[in-house]
Amino acid sequence: MVKKAILYIVITILKFLANIVYLFMKLFPTKNRIIMITRQSNNVTLDFRLLKEYIEKTDNNIEIKIFAKKLEKGIYNKILYILYTLKVMKHLATSKVCVIDSYCIPVSILKHKKNLKIIQIWHASGAVKKFGHQILDKKEGSSKFIAKLMCMHKNYDFVIAPSDKTKEIFSEAFNINKEKIVKLGLPRLEYIYNSKFDRSNEILTEYPNLKNKQNIVYIPTFRKNQKTNLDEILNYKIDKEKYNLIISLHPLDSTKVPDEYLVNKKYSSFDLIKIADYIITDYSALSIEASVLEKPIFIYLYDYDKYKENRGLNIYLNKELKTFTTTKFSDIMTKIEEKKYDIKELIDYKKKYIEINPNSSIEDLGDFLLKQI
């Protein structure tokens, strides 16, 4: 109880001081600028890159500033992150639009100018697993105490979602009124769907062994504080005369993968699903995003009961994708061999969770941001 009281006092004082500093930053004039902030990567994300390119092509009078930095462990890294946050605050104070794809501390805890529009685009085109306000006080979630203290997911003017069903999920997760959720898609959907972004030839030139066999690509979600269990997959004797297996883990996943199953990290998961004949994933929103390609997508839930208890689910894949979902990798290989999957089931799934046109998601979201200037 004493520890919680001290934490409350310390954070409250820091928030107060941050807002005092920010008050002086807001005295500077607002610029014709869009600021984009991500904690998902230390590099510019695909969605931000595509948005930046479109906006600069459409209106070269608008400045685009992107901040990409993960909060790393260690005191030194935390000090650097504080200095970085001050720089972010300066740009927040003088921009017209802010776009974020995750929870962002300065966005949520600060009192902004009235003319600043804040748009949460999130870093996935949906949410198979629960997150945010849906998992407070759960094993993989934040505590209600910390969430309230840190103003988790506050100050959003708009949230984007690609379907009405996802609107419902995001409304709960962000604790925001559905009227503030706009039906639009992430730029990555067009990247996946449109052949002009296809890097298949580049991949196949670098890895010619992928040309003459069927490619199975496994892309699991990130499991907090644990590694991905690859034992069943690696121990299964795949017919290497017929199939190539490619494993693409989340960037934060430290699970060791034998080199024979890896490709160059310069190719994203969205590049790899283009060369895939079969895609395997789990609780990742990739099942939603990759569905626009209408390729067989298998759902491998080896830890289903435990995951459901610790995290919770918004989409019960074993019901919505019955013929695609299993707890055993061997079942997936059997279905691939015997071609036992119902592609109509996948198409229905796609229609439910992607109600926007994936072939114009960059333009549609870009134009929406320009209207907020």
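Note on the chain: helix-only mean residue ellipticity at 222 nm, from DSSP H runs of 4+ residues weighted -39500 (n - 2.57) and normalised by residue number, equals -11500 deg cm²/dmol. Extension gain for the segment A5 to K308, taken as residue separation times 0.36 nm less the Cα-Cα distance, is 105.8 nm to one decimal. Net length available on complete extension from E172 to K340 is 56.9 nm, with 0.36 nm assigned per residue and the Cα-Cα distance removed. Extending 7 Å from the Cα toward the beta-carbon at both M150 and T30 defines two label points whose distance is 2.9 nm. Sequence-distant contacts, meaning Cα pairs under 8 Å at least 6 residues apart, place the relative contact order of the chain at 18 percent. Distances between every pair of Cα atoms in the range 168-246, grouped in 10 Å steps from 0 to the bin holding the largest one, split as 13, 24, 29, 22, 11, 1 percent. Bridges between two residues of the chain, per DSSP, are antiparallel at a rate of about 5%. Considering only L234, F67, Y193, and ranking their Cα positions along the charge dipole of the chain that arises from unit charges at the beta-carbon of Lys, Arg, Asp and Glu, the one farthest toward the positive end is F67. In this structure, the pairs whose alpha-carbon distance is over 24 Å, taken from K130/K180; K224/K344; K138/K167, are K224/K344. Pairs of Cα atoms nearer than 8 Å and 6+ residues apart set the relative contact order; for the range 81-156 it is 33 percent.
The share of C-alpha pairs in the range 109-215 whose separation exceeds 22 Å stands at 50 percent. Set against the labelled values (i) 54; (ii) 63; (iii) 58, percent of Cα pairs over 25 Å apart computed from this structure falls on (iii). Distance between the modelled labels on E260 and T58, one decimal in nanometres: 4.8 nm (7 Å Cα→Cβ projection).
Loop-located trypsin sites (Lys or Arg not before Pro) in the range 321-373 (DSSP state other than H, G, I, E, B) with a sparse environment of at most 14 neighbouring Cβ atoms within 10 Å: K328, K339, K340. Around the Cα centre of the range 23-72, unit charges on the Cβ atoms of Lys, Arg, Asp and Glu (plus for the first two, minus for the last two) sum to a dipole of about 200 debye.
Taking a probe of 1.4 Å, how large is the accessible area per residue of the chain, in Å²?
Value for the chain: 50 Å² per residue.
With Cα atoms as the point set, the range 1-60 shows a radius of gyration and Dmax of 18.4, 55 Å. Close Lys pairs in the range 18-79 (alpha-carbon distance under 14 Å; sequence gap of 8 or more, or different chains): 4. Share of carbon and sulfur in the accessible area of the chain stands at 53%, probe radius 1.4 Å.
The values are calculated or read from the model by the stated rules, or taken from the named source; none is laboratory data. Predicted model, so just to flag it, every value in this text is computed and none were measured. Neighbour counts run over all protein chains shown; Cβ positions are idealised from the backbone, glycine included. All accessible areas refer to the heavy atoms of the entire protein, side chains included, with ligands and DNA or RNA removed. Shrake-Rupley method; radii C 1.70, N 1.55, O 1.52, S 1.80 Å.
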